[in-house]
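The values are calculated or read from the model by the stated rules, or taken from the named source; none is laboratory data. Computed from a prediction, not measured in an experiment: that's the story for all the values here. A quick note on method: Cβ atoms are made from the backbone with ideal geometry, for glycine too, and the neighbour counts reach across all protein chains shown. Accessible surface areas use protein heavy atoms only, side chains included; no ligands, DNA or RNA. Shrake-Rupley method; radii C 1.70, N 1.55, O 1.52, S 1.80 Å.
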Amino acid sequence: MMCSVINYEVCVATGDVWNAGTNANVFMQIYGELGKTEVLILKNRSNNYERRAKETFKVEAADVGKVYKIRIGHDGMGFGDGWFLDSVTIKKLETKKKKKKKKKKPAEENQEKELGVMEVYNFSPCRWLASDEEDKELVVELTPDEGSELEVRVLTGSIWGAGTDANVYLSIYGERGDTGERHLKRSDHLNKFEKGQVDTFSVQAIDLGELKKVRIRQDNTGSNPAWFLERIEIIDTNEESTYYFPCQRWLAMEEDDGQIARELVPVDEAFVLKASASLGLEQKAQSTTFTVTVKTGDKKYGGTDSNVFIVLYGTKDDTGWFLEWVEVDAPCLGLCLVFPCGRWLDKSEDDGAIERVLFPADLKTRTYVPFVPYEVTVFTSDIFGAGTDADVYIVLYGADGVCTQQKSLCQNKRERRMFFERFSVNQFIVELEDVGDILEKIRIGHDNSGINPGWHLTKVQIRRLLRNGKGSEKTTFPCDKWLATSEDDGEIMRELVPSKVFTEKLLKDGTLKQIEEEIDDALEIHTYKITVYTGDISGAGTDASVFLIIYGDLGDTGERKLSKSETCMNKFERGQEDMFTIKAVDLGTVYKIRIRHDNSFPRPDWYLEKVEILDENTDDLYLFQCERWLSRKKEDNMIERILWEKVYHMANIGNSSLTRDSNANVMDKETSDGSTPDGPLIPYHIIVTTGSELGSDTDSRVFLIMMGPQNIRTERLWLDLPEGRDGFADASVEKFYVMGRDVEELKKIEAVDGCLSSQREVTEGLVEGRWRTWENGVEENKESEMDQDVMRMVGSKDRPGGRGLCVFSHSVPYGILARMVFWLILSHFLFDKSIISHYYNLTASVPVGHDGATPESSWLLEEISIVIPTKGLMYTFVCKCWLARDMGDGLTSRVFSVLDADSVNIGLKIIMKNLTTQEVTTFTYNDWLSMQWGDKLTLEWEMPAMIDGEQMMDYTTYTVQVKTSDIGGAGTDANVFIIIFGENGDTGTLPLKVSNRSNKFERDKLDVFDFPDVLSLGELCKVRIWHDNKAYEILTITSDRENAETKENVFVIFEGKKGRSKEFLLENSSKKRRFLRGATDVFEFSSKNVGDIAAICVGHCPKDGKKSSVKADVYWHVQEIVVTEMELNNKYFFRCNAKIPLRAKKSDHKVIECAKVIESFASKARSLVPVKYEVIVVTGSVKGAGTDANVLLTIYGMNGDSGKRALKQKYRNLFERGSADRFYLEILELGELRKVRIEHDSKGFSPGWLVERVEITNSATGVTTNFPCGKWLDKEKGDGLTWREIFPRN
């Protein structure tokens, strides 16, 4: 609802005390029963607000109805900013336009005349608004009547580091308005917001009515800005009521979700005061989360790099770009609104506005069942490696299989790194669909991503509010299992059933009633045996990963990867049966499955025959018939199928000796010449050019068949267009990539329009001699024995069991076909139509929408190019012929001979010509540069030079023998590399990977490596060998207790995020004693990079390695171990304080986790990421303030500096008087900004420059830092300096 606009007269009186006036900018906001005005700037001349002065302002603003308060203050700018405000008077004026008169000037015709004063409001504060007077407030709220006083108690948490040194600001919202943002300055404690402390503040405000929420923030300043807020308590002294606003979260950029501001809502006192209360769910239930989707228009330069803001207007509260529309989704309200725009927000486009007010489109408003909040508490186990970096998700199930969507518990990668650590308890508030009052089960899992995805889960607790909101119900789901591919059964998803329910109810007397009950009738965990049958046809097997979902009337299993076959090592091969075991909560009656593969690896195509599922708990068997391809290149190009449960019909089929080719056509297992269709698959790149004549296009499917010697041929290679493309358009050039059988030497190809005719060459070799033709809609009687068998199974109008069905083959007119397919749909319960598909493939054998006589079936093929990368050849067939029944010779297929094609060798050839000697050198390569294709499996290759037909260098094989020394610790587990140098150059870097021994580079061992097909280097002169190990320093501190020392050896093993190190032996000797009482010993070792060290294994072993030397009462008492990574100087501290017993077995060791890590500056700098900084430079407004010189800027932060950066832009006159120039600099993350250095080179006609200020915004965090200057950079003015170092304002 839009408010009307009226005139206000505001009279402001400054007090009669010393220094009462102010030079600051004064503003005011008026609040009334109908709303509030915008912020009004009270400025009408240069020297306002002098002592004893009265200033009158006339402003136009929204009609707020009856005024109940005003907010007035100033910005604290200027030399004398303190202000003593005596009184404020506001008059609401009634206005009316004068009638137009003929003789009046146009400027006077619309003049407004005041008819009188409607309402008058007087405010008498008589107080200071100054940072050094009274309560030091710069903003005050005034009421015409007596206001109220609110007592605010802020409770800081008791965890380590909870206190803050930052400035804290609070806004209180009630039924009648809000207090505005108040700086919490004066506490009853000298040092505010310390750990475990309660700070009390007094806030003067009008009567807000019942409080609805508060907003609290800190400005991230000071040495320790991070703050853990426990809760806020507000006592209304007039009403004698107390409001509790729990928080229990961090306000810190480096903790929790990185937010430094929170909005809190009140909860009942009984929930707050109970022990170990967690009230995030209660908070979420009273707040609304909005998901905002912004659609940028599809226009040139329609995007923007500017910062975009949005304000949502509702009935309860308010919280260079071409904007198409904005979508706002509020799940807890079940409401999705679309705000259309379709206009520019650009000063140089449209009307020049950069702000728009949008209204929702009623026709696009979508409502749905509102979501409800759930509190999910996850308990990670206390065992080694229990934590995970993966993305964890959850699904909740209610009664009758009702479930929520899959929801990730972490919003970003930062949260994934913070949560799910070993022995941690993490709590999340999520909004999901309402599944009812009963939670039958949950599904929890992760995506197996990150460095350490394995996860050991103890239990999950789900808490939700009762329907009346007066209490909650917490359900516990025990797990105590691994979710890891390398542990237990390899599953990364678990289905859990509840064990107990804990209910809390708020009674009428304000007390809590607590009930805990065990669940005895939870759903059972069933074991399902999955048998997957791959078809017995050419190319039926797949190397892709296969995934399965089973659906029952009580729910589903979620997507499971079929990873470990119990019957075959190599899964999903041709004609193979693979069995898998899945454990899931009872699904009830299984009725469908969804099966797919991820189309990965070189040969993903898969022909699935059927799937059988056996429920071992109930012995129920379910069959899901498929008999289709899951392929991006065959049939309908689908790699996912939904299959419905059906009954076996094996008795009807019998033992058929027939199978199907890759396009599901009927054929015997051998081709007409007796050869099998098997063979290696190779890639073909095909380029098809359609003619440009009218009607040359086609929307039929097209395929090619490659033919080689001895009748070797490929299967049909379908040339399917990408999604969104309906056909081969006129004059179009389409490119395809297909995999097909290697036909050795290409002899001819066959191009066929997918709208098949009855031409014999189309069906020849597929169902030779077994077809029928139609002449004018009448079937010729050429029935074969196989056709009779099919007619006996399905019946006809002239035979027993008939239902009016005629058997058809490879050419059927559209009208007859339509009736036949319709009959099949009606009669699918009378016989199994999969029997028909054993003989005839309906999809590949019938016309696609017409009988070949309409214009849509015609296609003018201009040219086909076939590239065979493995052969290094390209064939170009110039066709210029029709594939159409009614055009040309009436054929819809063509056979092209390779003798008619232009053949080009596409192997790589480099020709170099010496312009001085005219000598020509060539380099030739005819193989793949690929890690997947070809024999070499490499991305680089050396080619010998060919001069006058003579190869200048020969290929040879180098055998490298590496002998490791026989001293302690001589071996390595690092990656080793070598370069061999000779008179003809070097080999380049050769990794020493494949040795004659499985464990390479062990002490006193010889490793042999062979490098074939290397260009001969001539006489060898040197080698360079190195490894990628890192150097580590291990410092041990032996305890100063009695009998702490040891005479034996100690060993240490690193457990890192990238792996485990070898064993480091810390040797003791009689000449140099180690591990004495209170001693510090230092050792240095090299090891492979194990990443960040999470734990170490410490053992105590005898020097001679004999079991007889082990004594039961010998210990080494270690106080602390410090590991230093020498390259970056990162330090890892392990506080042991443990006795390590002497043991002969080195597997008997103690695991100690890392207690503290000190990351060096070099390590931090290596992990920094580029960030875009927005720099705004404001030039002064006095005469001659601008500069023509070149300006340089250096930004300094906690992580270093940016270096000198030139501030320049093309075609712009920068740094003019009174201007604000904007620049974007991409710099490695600087952290908190400390200072800037700005300078110029004194060049140009007028180099002198007055810099007002510099503002720098970190686009990643949104934090803006202001650097005020107000000084000249001029050799002729001020101190004569042309540079300044500017520090940020506090």
- Item | Within the range 123-211: Cβ-based charge dipole about Cα centre, in debye rounded to nearest 20 (Lys, Arg +1; Asp, Glu -1) | 400 debye
- Nearest-0.05 FRET efficiency for residue 910 and residue 692, computed from C-beta distance (R0 30 Å): 0.20
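What Kirkwood hydrodynamic radius, in Å, does the range 517-640 give when the mean of 1/r is taken over all pairs of distinct Cα atoms and then inverted? Write down the numbers at each step before the final one.
Numbers: mean 1/r = 0.0661 Å⁻¹.
Hydrodynamic radius (Kirkwood, Cα pairs) of the range 517-640 is 15.1 Å.
Compute the relative contact order of the range 497-572 as a whole-number percentage, counting only Cα pairs closer than 8 Å that sit 6 or more residues apart in sequence. Don't jump to the answer; show the numbers that get you there.
Values: 70 pairs, mean separation 15.3, N = 76.
For the range 497-572, the relative contact order is 20 percent.
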- Task: Please work out whether the range 231-276 counts as rounded, prolate or oblate from its C-alpha gyration tensor, where a ≥ b ≥ c are the square roots of the eigenvalues and a/c under 1.5 means rounded, while otherwise a/b larger than b/c means prolate and anything else oblate?
- Result: oblate
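Roughly how many percent of the accessible protein surface of the range 1025-1096 is carbon and sulfur, given a 1.4 Å probe and a whole-percent answer? Show your work: numbers first, answer last.
Values: 1580 of 3620 Å².
In the range 1025-1096, the share of accessible area belonging to carbon and sulfur is 44 percent.
Largest first, how would 1002, 254 line up by accessible area (1.4 Å probe)? Numbers along the way, then the final one.
Values: 1002 65, 254 100 Å².
Final ranking, largest accessible area leading: 254, 1002.
Could you do me a favour and compute the accessible area per residue for the range 518-655, 1.4 Å probe, result in Å²?
Numbers: 6410 Å² over 138 residues.
I get 46 Å² per residue for this part.
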- Find the accessible area per residue for the range 1020-1069; the probe is 1.4 Å, ligands and nucleic acids are left out, and the unit is Å². 52 Å²
- Note on the structure: Rounded to 0.05, the calculated FRET efficiency for the beta carbons of residue 975 and residue 641 at R₀ = 25 Å is 0.05
- Enumerate the amide H contacts of residue 1191 below 5 Å, restricted to partners 5 or more residues apart or on another chain; note that Pro and chain-start residues carry no placed amide H. 1207
- Given H placed 1.01 Å from N in the peptide plane, which residues other than close sequence neighbours of residue 1252 have an amide H under 5 Å from its amide H? 1178, 1179, 1180, 1270
- Starting from the Cα gyration tensor of the range 1140-1208, take the square roots of the eigenvalues, sort them a ≥ b ≥ c, and report rounded, prolate or oblate (rounded when a/c is under 1.5, otherwise prolate if a/b is larger than b/c, else oblate). prolate
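How large, in percent, is the carbon and sulfur part of the accessible surface of the range 147-253 at a probe radius of 1.4 Å?
On the way: 1940 of 4630 Å².
In the range 147-253, the share of accessible area belonging to carbon and sulfur is 42 percent.
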- Item | 31 Å Cα-Cα threshold exceeded, pairs from 1172/1271; 413/1156; 564/735; 571/634; 474/529; 192/505 | 564/735; 474/529; 192/505
- Note on the structure: In nanometres, the difference between 0.36 nm per residue of separation and the alpha-carbon distance of residue 735 and residue 940 is 71.1 nm
- Based on the alpha-carbon gyration tensor of the range 984-1096 and its eigenvalue square roots a ≥ b ≥ c, which shape applies: rounded if a/c is under 1.5, prolate if not and a/b is larger than b/c, or oblate? prolate
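With the other protein chains left in place, how much accessible area per residue, in square angstrom, belongs to the range 358-436 at a 1.4 angstrom probe? Please list the in-between numbers first.
On the way: 3890 Å² over 79 residues.
Ligands and nucleic acids excluded, the figure is 49 Å² per residue.
What's the carbon and sulfur percent of the range 534-600's accessible surface, probe 1.4 angstrom, rounded to a whole number? Write out the running numbers ahead of the final one.
Numbers: 1190 of 2640 Å².
The nonpolar share, carbon plus sulfur, comes to 45 percent.
Relative contact order for the range 913-988: what is it in percent, counting Cα pairs under 8 Å that are at least 6 residues apart? Each step should come with its number before you reach the end.
Working: 56 pairs, mean separation 12.3, N = 76.
The value is 16 percent.
Out of the chymotrypsin sites (Phe, Trp or Tyr not before Pro) in the range 154-209, which ones are loop residues according to DSSP with at most 16 other C-beta atoms within 10 Å?
Working: sites: 160, 169, 173, 193, 201; in loops: 160, 193.
For chymotrypsin sites (Phe, Trp or Tyr not before Pro) across the range 154-209 that sit outside H, G, I, E and B with at most 16 neighbouring Cβ atoms in 10 Å, the list reads 160.
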